[in-house]
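Data block below; observations after.
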There are 2 protein chains.
Amino acid sequence: MDTFFNPRSVAVIGASNSPFNLGATICRCMNEYSKWDGTVYAVNRKGEDVFGCKGCRAVTDIEGDVDLAVIITPAGVVPDFVEQCAAKGIRRIIIESSGFSEGGEEGRALQRRIDETAREHGLRIMGPNCLGVLNAANGFSCFYGVQPDNHHEFLGSESGSVSFIIQSGGIVVIVLESFLMDVVKANKIVSIGNKSDIDEADMLKYFEQDDSTQVVAMYLENIKQGRKFIETARKMKKPVLVFKVGRTSEGARAAMSHTAGMANNDAVFDMACRQAGVIRVNAISELHSLPKMFTHMPPLKGRRIAVFTNSGAFGGITADLIVESGLEMAVFPEETKERLRSTAKLFNVSNPVDLGPTLGKQTFIDIWDAILSSDTVDGLLAVPNVWMKVVVEAICELGEICKKYDKPAAIYIPNAIERILAIRTEFNLPVFESPEEATRALTVSYEHYRALGKKAGEPLPV
Amino acid sequence: MDTFFNPRSVAVIGASNSPFNLGATICRCMNEYSKWDGTVYAVNRKGEDVFGCKGCRAVTDIEGDVDLAVIITPAGVVPDFVEQCAAKGIRRIIIESSGFSEGGEEGRALQRRIDETAREHGLRIMGPNCLGVLNAANGFSCFYGVQPDNHHEFLGSESGSVSFIIQSGGIVVIVLESFLMDVVKANKIVSIGNKSDIDEADMLKYFEQDDSTQVVAMYLENIKQGRKFIETARKMKKPVLVFKVGRTSEGARAAMSHTAGMANNDAVFDMACRQAGVIRVNAISELHSLPKMFTHMPPLKGRRIAVFTNSGAFGGITADLIVESGLEMAVFPEETKERLRSTAKLFNVSNPVDLGPTLGKQTFIDIWDAILSSDTVDGLLAVPNVWMKVVVEAICELGEICKKYDKPAAIYIPNAIERILAIRTEFNLPVFESPEEATRALTVSYEHYRALGKKAGEPLPV
């Protein structure tokens, strides 16, 4: 599977110099503006070179070894090219073309021919009707239609540790864009389309053993083999987040026409996720907003949350959110209150801790230390208003305090959203965009921690 | 009440030239960088001028008439100044100081003295523990701590048509910032704090008859007089959105220490909102994201929603959201499908309508016209991917089609969020930031339409 993300040589079948040719955009990206430096061949009727990639009329005309074929031709000729690949000894094929199972009986017949060839020659196939793979670490991508600007924007910056399994190309772009200003970025993205062979379970298995992946996030329109999915997911130790379309029969019907899936019973899927310790997310945005809680903070090991704010209104707002999401407001012992009293003049030393205008960075640090060191606190929801520079400086130290006590903090900073999102990359902190999102991050952290304990057969935390 | 927002002369009591004096920031704003051009007096111990505002030792020393007094002194001396105001004949007072009902028995005693004076002289009091008012139309604001940059940012641009009743100062800033890039802006904001006299019901009544207010949005930590609130809200024809803290007992407790309210039973409040046709929102962000649906689109008069997308995945995503939110996916008659077929090669002419890559602006317009003209459609959820400039041009015409058929469209544009939020101001369109938000906008539009019908005694729409 790793060769899909790290090939040394690729044949782009269907890449030509015709106007609007999608294969050409793939050749251009691989050969001109990606840092990946493998060899690319362009297979087309005229055998012409495309953006510096050597042209051939047939796959079998290619002289060197080919690790991976990317097919982007009309559906009708795809089965022939798959056979050529088999003849050439190419074992890995990404079929980006559409018009198969999602396109009526004719498409299904083409699909059957491909399946037969694959079975016979032991090929592994990704797609059809997909974008294939993007590897932010080495710059390799076979996504079509990517412009140089976008490529540099997405792949020019450092790679992250979140890998994505995404059944729809449209969602890929949303995920990529969302990471531009975030503290954690994408590592690998795979768009698996109709999943004629490689499916989400195969990818899960790969990402579990992939050292550069810390969190896996999935966008699914259907599950093809329920049991395989559950059994693979059960063995995962890394957090797996999934957004699934088709929670209603109307949604499922709409998704069917898109990537040719069968509608799944959502209640069954939900139960399967629970059993397998997979975290269902409520919106696509959570696929990219929540992973930073796993990559940048220790896990939440209990339900008892302390709230810190220097903006009074947020005490009530967050207390509501914490209780509504199934967590609890921590109750401080007298000892903790005493320590809090000694730090500064606080409006409230009970939970939520409400600090008035304070000028000292150390005051913030002392308060957070007092809170996180308390035996009755499992995690912190911090809502600091950064009206003074010292507050930003203090927040930068919060990560260390969390490490010291092995307890997480989710941070939401009201106002000045633009400026604050810039802070989070600069200071390497998980800052969320709303109090709802920050609370949710604590919830999923705890959900994963419990699931891991269950998998390990440990007694559940209270 | 209008004089609170449009005074000709104001006394700022407690404004001096001491360092960190908050009253001085109010004087400076009113006198130096606001377009409001009334007269401002500064009342302080030395009788010194403050940022060009004439200084006096006592309110009664002021020579001219005074429409409004703004008190921002330590709590202990506030009752004396209230008496001075009464003696001077000032009928409207905003008390920004804190330390009253929210500050223990001593504070409650001070509050009682103020209440007595007010009753005796027929004064109207806003606060204490508040920011007072901001009127974007005339530039008048008595908010303390506002910097020139912020003032110009918030009050320099044109005013909008959404007015806010906000019980907490911290939330005011969030609301103001959120409007910087939106198609609809704030008209008036009032921060009512502890509500010793003027409460949310008084403000609702005022905004209902205020011509420049189209939508009222409220952030509440408690309701003081439930019956008065319900009866006032019942008479409202304008949409009223409310976010209330204290949905859980933990949230209510936290809010109590903040603005001295009594915890209200949330189930009772929820029922009251239903009866009064008040829309409860789920997050603070909805207070500023949803009003544009009322200001920029006709109301949704039924549940049947058509989805349009040229980004396949969103068909399923939005169908789920529509059904989960209590709306319905419209079922097209053959006639509508026939019209859709005639416009372009569509992936799907059923609902959700899925358009492939198309180059023609007119195609989009024809499709939207076919959809919105259909008798089986009450509203449109449009998810256009704006990968071509023609799509943006087409979207600009969508508002006209909505007007023509008197049906609303909620628009969500995937990707390139930054660029797209700029579009919405330029083209005067209600573009939402997520598919969830767009669906929610349709839901609240319908909720308000039904509530209005109920108030008018009309039979409910199906």
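Each reported figure results from applying straightforward, stated rules to the coordinates on display, with no laboratory input. Bear in mind the structure is a predicted one, so any value in this text is a computation, not a measurement. Cβ placement follows ideal geometry from the backbone for every residue including glycine, while neighbour counts extend to all protein chains displayed.
How large is the direction-averaged shadow of the alpha-carbon convex hull of the range A:110-227, in nm²?
On the way: hull surface 32.5 nm².
Spelled out: convex hull of the Cα atoms, projected over all directions, averaged, 8.1 nm².
What list do you get for B:Trp368, B:Trp36, B:Trp387 if you sort them by fewest beta carbons within 10 Å?
Values: B:Trp368 26, B:Trp36 19, B:Trp387 15.
Ordered by Cβ neighbours within 10 Å, fewest first: B:Trp387, B:Trp36, B:Trp368.
In what order do B:Cys142, B:Cys29, A:Cys396 fall by count of nearby beta-carbon atoms within 10 Å, going from fewest to most? Write down the numbers at each step before the final one.
Numbers: B:Cys142 29, B:Cys29 26, A:Cys396 15.
By the 10 Å Cβ count, ascending, the order reads A:Cys396, B:Cys29, B:Cys142.
To check you understand DSSP bridge types, tell me what percent of the beta bridges within the range A:298-455 (both residues inside) are antiparallel, rounded to 5.
Values: 2 of 16 bridges.
In the range A:298-455, DSSP labels about 10 percent of beta bridges as antiparallel.
Counting only C-alpha contacts under 8 Å and six or more residues apart, can you give the relative contact order of the range A:157-296 as a whole percent?
Across the range A:157-296, relative contact order equals 26 percent.
At what distance in nm do the modelled label points of A:Arg274 and B:Gln147 sit from each other, each positioned 7 Å from its Cα along Cα→Cβ?
It is 5.0 nm.
Per DSSP H run of at least 4 residues, take -39500 (n - 2.57); add these up for chain A, divide by its residues and hand me the 222 nm value, nearest 500 deg cm²/dmol.
Details: 18 runs with 195 residues, N = 462.
The helix-only estimate for chain A comes to -12500 deg cm²/dmol at 222 nm.
Are there trypsin sites (Lys or Arg not before Pro) in the range A:110-161 that DSSP puts in a loop and that have at most 11 other Cβ atoms within 10 Å, and which ones?
For trypsin sites (Lys or Arg not before Pro) across the range A:110-161 that sit outside H, G, I, E and B with at most 11 neighbouring Cβ atoms in 10 Å, the list is empty.
Please order B:Leu380, B:Leu372 by the number of other Cβ within 10 Å, starting at the fewest.
Working: B:Leu380 26, B:Leu372 22.
Lowest count first: B:Leu372, B:Leu380.
Under the Karplus relation 6.51 cos²θ - 1.76 cosθ + 1.60, θ = phi - 60°, what is the ordered set of whole-Hz ³J(HN,Hα) values for the range B:333-349, x standing for Gly and Pro?
Using θ = phi - 60°, the values come out as x, 3, 4, 5, 4, 4, 4, 5, 4, 6, 7, 5, 7, 9, 5, 8, 9 Hz.
Rg/Rh for the range A:184-228: what does it come to with C-alpha atoms and Rh from Kirkwood?
When Rh is taken as the Kirkwood radius, the ratio is 0.95.
Listed here are the pairs B:Lys195/B:Lys292; B:Lys301/B:Lys403; A:Lys188/A:Lys292; A:Lys235/A:Lys404; B:Lys205/B:Lys235; which of them are more than 20 Å apart at the Cα?
Over 20 Å Cα-Cα: B:Lys195/B:Lys292; A:Lys235/A:Lys404.
Taking the alpha carbon gyration tensor of the range A:157-296, what are the square roots of 5 times its eigenvalues, largest first, to the nearest whole Å? Before the final figure, lay out each step's value.
Numbers: eigenvalues 103, 56, 37 Å².
Largest first, the range A:157-296 gives 23, 17, 14 Å.
Return the long-range amide H neighbours of A:Met218 (sequence gap of 5 or more, or a different chain), with a cut-off of under 5 Å between placed amide H atoms.
A:Ile165, A:Leu241, A:Val242, A:Phe243
Shortest first, in nm, what separates the label point of A:Val331 from those of the same position in the other copies (7 Å along Cα→Cβ)?
Spacings between copies for this position, smallest first, are 5.5 nm.
Among A:Ala344, A:Ile413, A:Leu300, flag the residue with its Cα farthest along the positive direction of the charge dipole of the range A:298-455, charges on Cβ as +1 for Lys/Arg and -1 for Asp/Glu.
A:Leu300
Express the relative contact order of the range B:297-455 as a whole percentage, based on alpha carbon pairs under 8 Å and six or more residues apart in sequence.
Details: 282 pairs, mean separation 48.0, N = 159.
With pairs under 8 Å counted, the relative contact order is 30 percent.
Work out the length of the dipole vector of the range A:298-455 about its Cα centre, built from +1 on the beta-carbon of each Lys and Arg and -1 on the beta-carbon of each Asp and Glu, and round it to the nearest 20 debye.
Working: 18 positive and 21 negative charges, 57 e Å.
Roughly 280 debye for the range A:298-455.
In whole angstrom, how far apart do the alpha carbon centroids of the range B:1-56 and the range A:340-362 sit?
31 Å
Do any trypsin sites (Lys or Arg not before Pro) in the range A:306-375 lie in a DSSP loop with no more than 16 other beta carbon atoms within 10 Å, and if so, which? Present the calculation step by step, with values, prior to reporting the outcome.
Details: sites: A:Lys337, A:Arg339, A:Arg341, A:Lys345, A:Lys361; in loops: A:Lys345.
Loop-located and lightly packed - A:Lys345.
Quote the relative contact order of chain B in percent (integer), defining contacts as alpha-carbon pairs under 8 Å separated by 6+ residues.
Working: 976 pairs, mean separation 49.4, N = 462.
Result for chain B is 11 percent.
Which value results for Rg/Rh of the protein assembly as shown when Rg is the Cα radius of gyration and Rh the Kirkwood radius based on the inverse mean 1/r? Write down the numbers at each step before the final one.
On the way: Rg = 30.5 Å, Rh = 30.1 Å.
Across the protein assembly as shown, the Cα-based Rg/Rh ratio is 1.01.
Determine by what factor the alpha-carbon radius of gyration of chain A differs from 2.2 N^0.38 Å, reporting the quotient.
Numbers: Rg = 25.1 Å, N = 462, 2.2 N^0.38 = 22.6 Å.
Output field value: 1.11.
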